[in-house]
Amino acid sequence: MILTGKCAIVTGAGSGIGRGSAEILARHGASVLVSDRDGAAAMATAEAIRTAGGKAHAMTTDVSDDAQLEALVTGALEHYGGLDILHSHVGIQVEGTLEQASAAGMDRSWQLNVRQHFRLAQLAVPHLRARGGGSIVITASNSGVLYDREMIAYATTKHAVVAMVKQIALDYARENIRVNALCPGWVDTPFNEPFMRQMGGRQALEHYVRDKIPMGRWASVDEIAEASFSLLPTDRPS
Ligand SMILES: NC(=O)c1ccc[n+]([C@@H]2O[C@H](COP(=O)([O-])OP(=O)(O)OC[C@H]3O[C@@H](n4cnc5c(N)ncnc54)[C@H](O)[C@@H]3O)[C@@H](O)[C@H]2O)c1
């Protein structure tokens, strides 16, 4: 297993794509600190990993709180003695046009879609360096490279986080720290509720997916988890 001996943190891993990412990392041998604001959901993911024969611990972390981000990285060191992989996955979708979105919604979008990734990556880097390198995956979105209608807070902050990832990748390339943005398309998780609300309900959203998505369907959590996994380096010694 190519990730045996590697230690990972995944945030937002109690559901959807984050859970899929934690599970695929564990399937390939990594020890995974499964983190989520919803502690019971984090525990359920960790339990599922252990039942399948993998290694995982759960931790309750609200990524909007800097002290909890610090505790998360400390938790990885305590459980596993180091850190090789960070998948910083949590984000928020605030719907609306310039006139519909509130300033508070924009602030929250910056906080969750950009700032907390910045802070967590900043906390992780010294520990990746101590292991001779590692990998950071930050979840952005297709809205980080394309645009949807009436999504100013989401599209702006997801574009910003893609820019931030490119900058971090350049700055740390010589230290064998790989940094990538994961830009999923449409995946059927509870995350899309604001967009569904805005579109006028489930049927309208299904119609949108059939009509606008090139494949004419949702992507599955597993497809996105595989894409995330493929961003990890596999040729480094532990
Ligand atoms: N689902 C999609 O179609 C899609 C598409 C592109 C990008 N994304 C990105 O994926 C992420 C959402 O993942 P998902 O679709 O699997 O959603 P999801 O709703 O299935 O899971 C999100 C998880 O994040 C946790 N969470 C929310 N706020 C948190 C916080 N402040 N601190 C810690 N945990 C928190 C929730 O408890 C939940 O377990 C976002 O970054 C989003 O931008 C999703």
Nearest 10 degrees, 0 to 90: helix 221-230 Cα axis against the chain principal axis: 50 degrees
Set of aspartates and glutamates near Lys166 by C-alpha distance (under 20 Å), chain-local residues within fewer than 8 positions excluded: Asp84, Glu175
For the chain, the fraction of alpha-carbon pairs in successive 5 Å shells from zero, as %: 1, 7, 14, 19, 20, 17, 11, 7, 3, 1, 0
Cα gyration tensor, the stretch 57-152 - rounded (a/c under 1.5), prolate or oblate: prolate
Extension gain from Tyr147 to Ala204, taking 0.36 nm per residue of separation minus the Cα-Cα distance: 18.7 nm
Angle in degrees between helix 39-51 and the longest Cα principal axis of the chain, rounded to the nearest 10: 50 degrees
Between 0 and 90°, nearest 10: helix 16-27 axis offset from the chain longest Cα axis: 20 degrees
Residue-by-residue Karplus 3J(HN,Hα) for the stretch 155-160, coefficients 6.51, -1.76, 1.60, Hz, glycine and proline x: 5, 5, 6, 6, 5, 5
Theoretical ellipticity at 222 nm over the chain - DSSP helices of four or more residues, -39500 (n - 2.57) apiece, nearest 500: -14500 deg cm²/dmol
The chain: most fluctuating residue of Lys158, Lys212, Lys55 per GNM, C-alpha cutoff 10 Å: Lys212
Contact order relative to length of the chain, as percent, for alpha carbon pairs under 8 angstrom and 6 or more apart: 19 percent
Percent of Cα-Cα distances greater than 16 Å, calculated over the stretch 119-238: 67 percent
Length released on extending from Glu47 to Gln100, taking residue separation times 0.36 nm less the Cα-Cα span: 15.0 nm
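Read-outs throughout are calculated quantities, based only on the coordinates presented, and are distinct from any laboratory measurement. Computed from a predicted structure; not experimentally measured.
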